[in-house]
Amino acid sequence: MGSQKPLLEVSGVTLQYKTPNLLVTATYRVDFNVLEGDRFILLGPSGCGKSTLQKAVGGYITPTEGEMRLKGQVIRAPGPDRMMVFQEFDQLLPWKTVRQNVAFALTAARKLKGKEADERAMHYIEKVNLTKFADTYPHMLSGGMKQRVAIARGMAMEPDILLMDEPFAALDALTRRKMQDELLQLWADTRFTVLFVTHSIAEAIKIGNRILLLSPHPGRVKAEINSTTDPKDAALLEQRIQHMLFADEAKEIIDA
Amino acid sequence: MPEVATLKVIPITEPRPEIYREDMPADAMTVVEKPLSTWELLYNWSFFRKLIILAALALAWEIYGRVLNNDLLFPTFSATVSAFFANVMNGVLPERAWGSLRVLLMGYAIGITLAAVLTALAIASRIGTDFLETMTSMFNPLPAIALLPLALIWFGLGTASLVFVLVHSVTWAIALNTHSGFLSVSRTLKMVGRNYGLRGPRFIATILIPAAFPSILTGLKIGWAFAWRTLIAAELVFGVSSGSGGLGWFIFENKNMLDIANVFAGLLTVILIGLVVENLIFQTIERHTIQRWGMQA
């Protein structure tokens, strides 16, 4: 296993952004490698820079230090080889139907044209069980359906890596569970690579096969661990992760 | 009889039976549906409600005109309507209206183009933004009609002067609205567009313009109203296009001949064209775009 070349290499990445009166360091010298077919999770409390880190992989932020390589190529700008699935429901273009939304991504990125784009779009819309709603405009869909369209769009592009930024965070608990199962089913079907950001420990263990645990202010790598599918082990793992996150807080209280 | 205050004890509820129900097939339900009455249906139609308002206004006009009984000051609605039809039939009004509309469309089209160029520059660079902001804050409050004397010196008496002031009245309103629309496009949508690898003109055309369409449409409406007002005023006050003759000139001529019913007929035409453009053209565009996309309720 160790000989497999990583798909995404992140080495020594420091990310900073400016607010009007100070320079904030979001992550400090973060390293990790994502292999092909990984369900790689970035997990941490709010303020650990996990979303910023993912936006940097997306190409929206340039690191001040270190570099990120996708298939050996340094990431410099956003591109369709790294499709993003956002948390926000307004990520679909409201002036296009479900089918047009997915097909437009393909034509805009100059991957496919006309009929081929439409066929590919319909194929992935079927995968997320939205065939009945293919000609519906996004404003008539529920939140969960919108996220499914966004996932279908991401998968239809057949990117090297799918970047999901807390895609289920704005959903209700029941829908969230269903979507997690569906995502795992989709993964079992097509074995795409996904980099998934979440702040829910349970979601991380359920979705991921490898979890990067980040500590806050600024984000540093605390651990990189394997997930498990065994329910008993999962419960133990959840406790361990919780302990790692809370150990910090306890120390802070003692320091104060 | 003195009452003894007793503490009210809430009794412990007895355990209640749990309830489970069989799923009911959908076709077994009796659907409760009742068609609306004809009046309710009509009243739900905004065009009908507006017709009622217009009819009420016409009635008030007619009554006031009859009470006043002075054709020189205030002709009745019926006199205005008959003057309107007479002038439509003899071809004078359609010709004058077309004369005005032609100039108007010309100015409107040039104004839109100019606004598009300005906003594109404003999106592309910071200096472009500053340029647009400075220009709009300077020229937007300046009444277009105030430029007409200058335009008459530069371009002479005729269409060119009119088009110049029209462009001035249209451009800033549209540019301002479009630019603010672009600025309020959600960050997520912009990130989605860049994720597809879109940039430059393709990004503007496929992401920014549709996303900002509600604001753009508002700008187009305001621009249209400004242009229409400016044009009639320019024709009326300066008689600029007396050669070709527009609606403003028609009103001016008839006022000089003290044919007040015709003046009202001219005004009525201006109003009618305004109503048609707003209620037919702009509303149709709205229905097929922003309402359908759920960007406006």
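Here, each number is a calculation from the coordinates, and none is a lab measurement. This structure is a prediction, so every number in the text was calculated from the model and none was measured. Every residue, glycine among them, receives a Cβ derived from its backbone with ideal geometry; neighbour counts consider all protein chains shown.
With R₀ fixed at 56 Å, the C-beta to C-beta distance from B:Leu183 to B:Val9 puts the FRET efficiency at about 0.30.
Positive-end ranking of B:Asn69, B:Ile216, B:Ala28 along the dipole of chain B, with charges on Cβ about the Cα centre, is headed by B:Ile216. Applying a length cut-off of 15 Å (Cα extent along the axis) and a mean Kyte-Doolittle floor of -0.5 to the DSSP H helices of chain B leaves B:46-68, B:77-89, B:92-124, B:126-139, B:159-183, B:213-238, B:260-276. Its DSSP H runs of at least 4 residues, each contributing -39,500 (n - 2.57), put the calculated 222 nm mean residue ellipticity of the protein assembly as shown at -17000 deg cm²/dmol, to the nearest 500. So, R0 is 35 Å and r is the distance between the beta-carbons of A:Asn21 and A:Val74; what FRET efficiency does that work out to, to 0.05? In this case the efficiency is close to 0.65. Exposed loop sites were defined as GluC sites (Glu not before Pro) in DSSP loop states (anything but H, G, I, E or B) carrying at most 13 other C-beta atoms within 10 Å; in chain B the longest segment without such a site runs B:34-297. Pairs of Cα atoms nearer than 8 Å and 6+ residues apart set the relative contact order; for the stretch B:76-288 it is 28 percent. Bridgeable aspartates and glutamates around A:Lys115 (alpha carbons under 20 Å apart, same-chain partners fewer than 8 residues away excluded): A:Glu126, A:Asp135, A:Glu158.
Expressed as an acute angle from 0 to 90° and rounded to the nearest 10, what is the orientation of the C-alpha long axis of helix A:173-190 relative to the principal long axis of chain A? Rounded to the nearest ten degrees, it is 70.
Would you mind pulling out the separation of the Cα centroids of the stretch A:89-109 and the stretch A:213-228, in Å? What the calculation gives is 34 Å, centre to centre. Taking a label point 7 Å from the Cα of B:Met257 along the Cα→Cβ vector, which residues of the stretch B:264-278 have an amide N closer than 14 Å to it? What the label zone holds, given the 14 Å backbone N cut-off, is B:264-266. Between the C-alpha center of the stretch B:141-209 and that of the stretch A:178-203 there is a gap of 45 Å. Sequence-distant contacts, meaning Cα pairs under 8 Å at least 6 residues apart, place the relative contact order of chain A at 26 percent. Taking a straight line from the alpha carbon of B:Lys50, these aspartates and glutamates sit under 14 Å away, with near neighbours fewer than eight places off in the same chain left out: B:Glu278. Normalised by 2.2 N^0.38 Å, where N counts its residues, the alpha-carbon radius of gyration of the stretch B:76-288 equals 1.19.
FRET efficiency for the A:Leu184 to A:His123 pair, using the beta carbon distance and R₀ = 25 Å, is estimated at 0.80. Simple spin-label estimate for B:Asn279 and B:Met106 gives 3.1 nm between the two label positions (7 Å along the Cα-to-Cβ direction from each Cα). A dipole drawn for the stretch B:76-288 from +1 and -1 charges on Cβ atoms has a positive end, and of B:Ala234, B:Ile110, B:Leu183 the residue lying farthest that way is B:Leu183.
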